[in-house]
């Protein structure tokens, strides 16, 4: 397998821990270990006595049960724990695809959702969303891209980086297309639970379609990126068993402390998500005011879910703009070119409490 450099991750490697003001983070506000352990009276003692041997390859039974509770029709036995979402994406693609197969991916997208398939030798077609129609994706466009070699369709809802969210009818129609044409839906749902209006929450694709795969992670909605815990949920037993076997060649198992802490957090999933949604709502109000005041610079489309958005730069190059901003003001934005060509936009993140300070520095830069 030959993989291209991961543009987004290389960009973060250059800037993330040196730029003073991170205004493009994709995750939500994290918490200290002490804060998480304080959520249950005996958690600290249990954590102190935790056995640090190997863990179960499929994931600790209590963790798998806690993850299953996030779904309507998924049992603990249908959850496979991974070291973050990235490992789950990598393992799925290697199990589901062969050279010459065809994958269709919702774009713009997190690079590995398309490039791992390319590295395997699969053909990749982008199911491209555009800003002029609110970043919607059209099922008719998908139908036109389907071939008899299409094995996987990747959808990402809520969407990274635009914050777009489809409706429930879309999910059921996509499921029906899957049944009709035989492709597997790989549904990246890492921002599920961060809908600005809870009534807009979509059903998980694993709850809708028997062969589909839903992807989840602790880093986005729950802000616990340092745990490096992700998972897939699926009723597709054959695919599940193949992924479990393939995992023997990647991480084998995940970290015992991380599994303990992720299980603890998921017992309080609603409270943690509610806290992060409060931060998101406050920060979005500030961003609305900011982009309204600078409408000559930017085209702002308010997201419907998640902790990131993808404003367009009206004039000039977003690459040049972002580089100048971080060099002169120490404010890090993510240029849209890292998601692919022809996106003269940038990713802004609003899931962390430090947004007001970063936004103030951004404003200073614009008025200089």
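Okay, here's what the table says:
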| quantity | calculated |
| --- | --- |
| Residues located in the stretch 38-74, provided they are more than 27 Å from residue 240 (Cβ to Cβ) and either in a helix (DSSP H, G or I) or under 21 Å from the mean Cα position of the chain (by Cα) (or both) | 43, 44, 45, 46, 47, 48 |
| Some residue of the stretch 128-139 being crowded, with 24+ Cβ neighbours inside 10 Å and in contact with a strand residue (DSSP E or B) (Cβ under 6 Å, 6 or more places away or on another chain) | no |
| Residue under evaluation residue 241, criteria (1) closer than 30 Å to residue 47 by Cβ; (2) part of a helix (DSSP H, G or I), criterion not met | (1) |
| Some residue of the stretch 275-284 being modelled with pLDDT of 95 or more, more than 21 Å from the chain's Cα centre (by Cα) and either closer than 30 Å to residue 333 by Cβ or part of a strand (DSSP E or B) (or both) | yes |
| Wholly within the stretch 93-187, helices (runs of 4 or more DSSP H) carrying at least 1 residues that are touching a residue at least 40 places away in the same chain (Cβ under 8 Å) and either over 21 Å from the mean Cα position of the chain (by Cα) or under 27 Å from residue 350 (Cβ atoms) (or both) | 112-120, 139-145 |
| Single match in 82, 15 (criterion: touching a strand residue (DSSP E or B) at 6+ places or on another chain (Cβ under 6 Å) and outside the structural domain of residue 115 (by TED's automatic domain parsing)) | 15 |
| Test for residue 324: is it closer than 18 Å to residue 21 by Cα, out of contact with any strand residue (DSSP E or B) (no Cβ under 9 Å at 6 or more places or on another chain), at pLDDT 95 or above and assigned to a helix (DSSP H, G or I) | yes |
| Cβ-Cβ under 9 Å pairs, at least 6 apart or on other chains, the stretch 24-53 side exposed (fewer than 12 other Cβ atoms within 10 Å of the Cβ), far side assigned to a helix (DSSP H, G or I) | 34/44; 51/256; 52/256; 52/257; 53/256 |
| Count of residues meeting criterion [assigned to a strand (DSSP E or B) and crowded, with 21+ Cβ neighbours inside 10 Å] in the stretch 300-312 | 3 |
| Of residues in the stretch 327-347 being part of a helix (DSSP H, G or I) and more than 21 Å from residue 5 (Cα to Cα), the one farthest from the chain's Cα centre (by Cα) | 328 |
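The values are calculated or read from the model by the stated rules, or taken from the named source; none is laboratory data. In this text the structure is predicted, and so the values were computed from the model without any measurement. As a convention, Cβ positions derive from the backbone with ideal geometry for all residues, glycine included, and neighbour counts pool all protein chains shown.
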